[in-house]
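Trainee: Quick one: structure below, then a few questions.
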Amino acid sequence: MRFDGWILGLGTTSGTRLVVGHWPRSPLGAVSDVMVERPDGHRVLLAATPELAEFVADTYSFDEVRVVDVQVGRVAGHWVVDAEPLALRVRVGRRPALGWLLRTVPSPLARTPAWVGLLDPVARLAMGVRTRGSAGNGRTEWYGVQDLHALRSASATWDGADLGGLADVRPPVRFGFGSVPPTPSVVRVTTTIALSTAV
């Protein structure tokens, strides 16, 4: 199964870490989800549809799963996410050197599992993230990253309470295999998921 879109990852000064997946093209249609880890370690999935909630919860690990209306928009250099109980607005910054380097790889190549597998050791050393792996549930994933932008600022609330300003994603999120860079960023990505390790 292939999900094509963006992953936005950031921390907040309150300790809540957020990972937004925005997928205009996926086997489940145009969908979005938010993975949240609260300061106490409680992991919450906010998913736009029951089908997406079931698929993501079967792929990663959560303490709580909610099906809510997840709206993700891009307006004048900002990402806006409305997913009750979360309201998030993020300002996107410049493309760092790594982003420019990623853009030199042709997209058809960047999306292939073989290429992504080759990059995995480099990504681990350079950024502390993985591009290939398994959450131990029989599913293998490949993250074909094609672009990257840093985030400049963020404002977020949870049930109306302020989550604080933008911060690194520390400690790392614990949803399973999936990881995001410690530096707040948004990446253009194609995620390929094999439902069986035999694939």
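Trainee: What ³J(HN,Hα) values, in whole Hz, does the Karplus curve 6.51 cos²θ - 1.76 cosθ + 1.60 give for the range 30-38 when θ = phi - 60°, with x put for Gly and Pro?
Mentor: 7, 9, 9, 8, 9, 9, 10, 10, 7
Trainee: On the accessible surface of the range 129-193, probed at 1.4 Å, how many percent belong to carbon and sulfur atoms?
Mentor: Carbon and sulfur atoms account for 51 percent of the accessible area of the range 129-193.
Trainee: Let me ask you something else. Mind sorting out which of [x] 13.8; [y] 15.0; [z] 10.3 is the real mean projected area of the Cα convex hull in nm² computed from the coordinates?
Mentor: [z]
Trainee: Could you state the per residue volume, in Å³, of the convex hull enclosing the Cα atoms of the range 133-189?
Mentor: 110 Å³
Trainee: For the range 1-84, with all protein chains present and a 1.4 Å probe, just round the carbon and sulfur fraction of the accessible area to a whole percent.
Mentor: Carbon and sulfur: 49 percent of the exposed surface of the range 1-84.
Trainee: What dipole magnitude, in Debye to the nearest 20, does the chain give about its Cα centre under +1 on Lys/Arg Cβ and -1 on Asp/Glu Cβ?
Mentor: Dipole size: approximately 920 debye.
Trainee: Quote the FRET efficiency, to the nearest 0.05, computed for S134 versus A30 with a Förster distance R0 of 35 Å and r equal to the Cβ-Cβ distance.
Mentor: The computed FRET efficiency comes out at 0.85.
Trainee: Which residues' amide hydrogens lie under 5 Å from the amide hydrogen of D147, considering only partners 5 or more residues apart or on another chain, with H built in the peptide plane?
Mentor: Residues meeting the amide H criterion: R188.
Trainee: Another question, if that's okay. So what are the ³J(HN,Hα) numbers for the range 54-62, from phi and the Karplus equation (6.51, -1.76, 1.60; θ = phi - 60°), rounded to whole Hz, Gly and Pro as x?
Mentor: So the J values, rounded to whole Hz, are 5, 5, 5, 5, 7, 9, 10, 10, 9.
Trainee: What does DSSP give for the range 15-157 in terms of the percent of beta bridges that are antiparallel, rounded to the nearest 5?
Mentor: That works out to approximately 90 percent antiparallel.
Trainee: Just to confirm, what accessible area per residue do you get for the range 59-199 at 1.4 Å probe, in whole Å²?
Mentor: 52 Å²
The values are calculated or read from the model by the stated rules, or taken from the named source; none is laboratory data. Fair warning: this is a prediction, and the values are worked out from it, not measured in the lab. Note that we place each Cβ from the backbone using ideal geometry, even for glycine, and neighbour counts take in every protein chain shown. In case anyone asks, the SASA skips ligands and DNA or RNA and just uses the protein heavy atoms, side chains included. Shrake-Rupley method; radii C 1.70, N 1.55, O 1.52, S 1.80 Å.
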